[in-house]
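Heads up, the thing below is written out as structure tokens.
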Amino acid sequence: MSVWNQKLRQSMMAAGVSAALAFSGAAVAQQGGQSAPHGGQGGAPAQGQMPQMTDEQRQLMEEMRSVQQELQQTQAKLSEMEQQAYENNPALGEKREALQAKIAEKMSSGGYDAEKEFEQMKATMAKYQGGDQQPSESEVKAFRQQQQEFQRRQQQAFQDEEVQSMAQELRGDVEQVMKENNPQAKDLFAKMQRQAEEMQQLREKAMEMRQGG
């Protein structure tokens with residue numbers, strides 16, 4: 001039950017429009033860090049596939065876990081600053097709402113209603129959040145299909161030039177406010193970029209090891 005709730009929450013984090021627009025997440029995604037969460041989850045299966053890892057492979061896995069943890073800590077600090085920026089600047093919130101509305105508009109076509117689908121996924125999460133009930137296999141399958149379609153349309157919407165322009169403007173405004181309000185913000189942004197790049201390099205090295213081994 002707890003595993004289901006955790007996966008459902010992660011799915012909503014991945015599928016949610018507002019979560020996808022978080023500055024820190026967008027910045028890391030641009031640096032190739034978007035696959036980092038999958039790397040964290042993929043560590044266990046990889047070990048299962050390679051029960052006899054070499055010392056070099058084990059050391060690399062530990063290094064990846066360490067960098068991933070540091071990256072998440074940096075993101076968490078930036079997320080707090082970002083939240084404060086929105087709370088102290090209503091104009092930023094209005095811009096974010098306008099961007100979310102535009103994304104939903106771009107996602108909705110052929111009878112598909114992005115906002116309605118998102119609300120349904122939130123309702124599903126709320127239904128099983130307490131852990132008193134377990135979803136049936138058919139419910140799990142239906143939710144995954146719903147999530148995949150939502151994410152597919154969302155990714156397409158993010159490729160739209162109008163959406164990209166609005167998102168870039170919002171990110172710039174939020175970053176500026178964060179740096180004005182928090183002296184540490186500039187250093188944290190640079191740190192996050194370095195960590196994301198390091199994580200990407202480690203993942204590429206791990207891929208080379210698997211292919212070579």
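The values are calculated or read from the model by the stated rules, or taken from the named source; none is laboratory data. Bear in mind that the values here come from a model prediction, so they are computed numbers and not experimental data. Methodologically, a virtual Cβ is constructed for each residue, glycine included, from the backbone with ideal geometry; neighbour enumeration extends over all protein chains shown. For the accessible areas, the whole protein counts, side chains as well, though only heavy atoms, and no ligand, DNA or RNA atoms are used. Shrake-Rupley method; radii C 1.70, N 1.55, O 1.52, S 1.80 Å.
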- Message: Take S109 and tell me if it is under 30 Å from Q195 (Cα atoms), among the small types (G, A, S), over 18 Å from the mean Cα position of the chain (by Cα) and open to solvent by 50 Å² or more (accessible area, probe 1.4 Å).
- Response: no
- What's the number of the condition A44 fails, among (1) of a type in the set (G, A, S); (2) modelled with pLDDT under 70; (3) surrounded by 13 or more Cβ atoms within 10 Å (Cβ to Cβ)? (3)
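Per-residue answers, yes or no, for (1) outside any loop (DSSP other than H, G, I, E, B); (2) open to solvent by 40 Å² or more (accessible area, probe 1.4 Å); (3) charged (D, E, K, R):
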| residue | (1), (2), (3) |
| --- | --- |
| L60 | yes, no, no |
| L71 | yes, no, no |
| L78 | yes, no, no |
| E87 | yes, yes, yes |
| G93 | yes, no, no |
| Q100 | yes, yes, no |
| I103 | yes, no, no |
- So which residues in region 151-182 are surrounded by fewer than 17 Cβ atoms within 10 Å (Cβ to Cβ) and either in contact with a Ser or Thr (Cβ under 8 Å, 6 or more places away or on another chain) or among the polar types (S, T, N, Q) (or both)? Q151, Q155, Q156, Q159, Q164, S165, Q168, Q176, N181
- Please enumerate the residues belonging to region 134-143 that are in a helix (DSSP H, G or I) and loosely packed, with under 13 Cβ neighbours inside 10 Å. E137, S138, K141
- Task: Output the number of the condition that A185 fails; it satisfies all remaining conditions of (1) at pLDDT 90 or above; (2) open to solvent by 40 Å² or more (accessible area, probe 1.4 Å); (3) of a type outside the set (S, T, Y).
- Result: (2)
- If you check A190, A196, which single one turns out to be small (G, A, S), closer than 23 Å to Q75 by Cβ and touching a residue at least 60 places away in the same chain (Cβ under 8 Å)? A196
